[in-house]
Amino acid sequence: MSNPEQLFADFEAKLADAQRKANQMRTEIESVSVSERSKDGQISVRVNHAGNLVGLEIGPSVRDNPALAQEILRVVQSAQSKLAGAMQTGVPSIAGTETMNELVNQLHNEYPEPEPTGFVEGGHREADEDDRFVAEEELDTPPPPAPKPPAPPAPPAPPRAARRQQTDHEDDYFTGGDFLR
C-alpha cells in the first residue's frame with residue numbers, strides 16, 4: 001500500500017494538471033470569434049465566443065438607410081450561427097469529447113441559422129443583392145400603430161395598521177394567542 005504522502009502528492013499533481021487543462025481550454029474558448037460581412041460588403045461584424053457583438057463596421061454608402069438596423073441584425077445572426085463550427089476548430093483541447101459535443105449543441109440551439117432571404121420578421125422584405133436596402137416608404141406595408149399613452153399612475157397604497165405589541169404571556173404557542181400573526 002502507498003504511503004499517505006505519496007497519495008497526497010499524486011492527488012496534487014492530478015489537480016494541477018486538471019487546472020492547467022482547464023486554463024488552456026478557457027484560453028482557447030475565449031480566443032474564438034467569428035466575422036461576417038453582408039452580401040454587398042457594406043456591413044461587417046465580429047462576434048466573440050459568447051455570441052456578443054464585439055466589432056461593427058458600416059460602409060459610407062449605407063449609413064443613412066432606414067433598413068440598416070435590420071441588415072446589421074441579420075449579419076450578426078449569421079455570424080453567431082457559425083460559432084459552433086468555429087468552436088470545434090478553435091478549441092482543440094476538448095475536440096471529440098462529450099464536453100465539445102455539448103458545447104456545440106448548445107451553440108446550435110442558441111444561435112440557429114438566420115432566416116433565408118425573402119420576407120423576414122415584421123413583414124418587411126429583404127432586398128436582392130443589387131437592391132440591398134429599401135426605404136420604408138417604398139414598402140407596401142402600413143405604418144405601425146401609434147403608441148398607447150402611458151397609464152395614469154396608481155393611487156398610493158393605504159397606510160398599514162400598526163402591529164400590536166406582544167406581551168410576555170402571549171409569546172408561547174399554547175397560551176391561546178393567535179399564532180398566525
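Here the label points at A50 and L68, each 7 Å from Cα along the C-beta direction, are separated by 2.7 nm in the simple model. Full extension of the chain between R37 and N101 gives 20.3 nm of extra length, using 0.36 nm per residue less the Cα-Cα distance.
Taken together, the values in this text are just the output of simple stated rules run on the coordinates, not laboratory data. Since we're looking at a predicted model, the values are computed, not measured. When we count neighbours, we look across all protein chains shown, and the Cβ atoms used for this are built from the backbone with ideal geometry, even at glycine.
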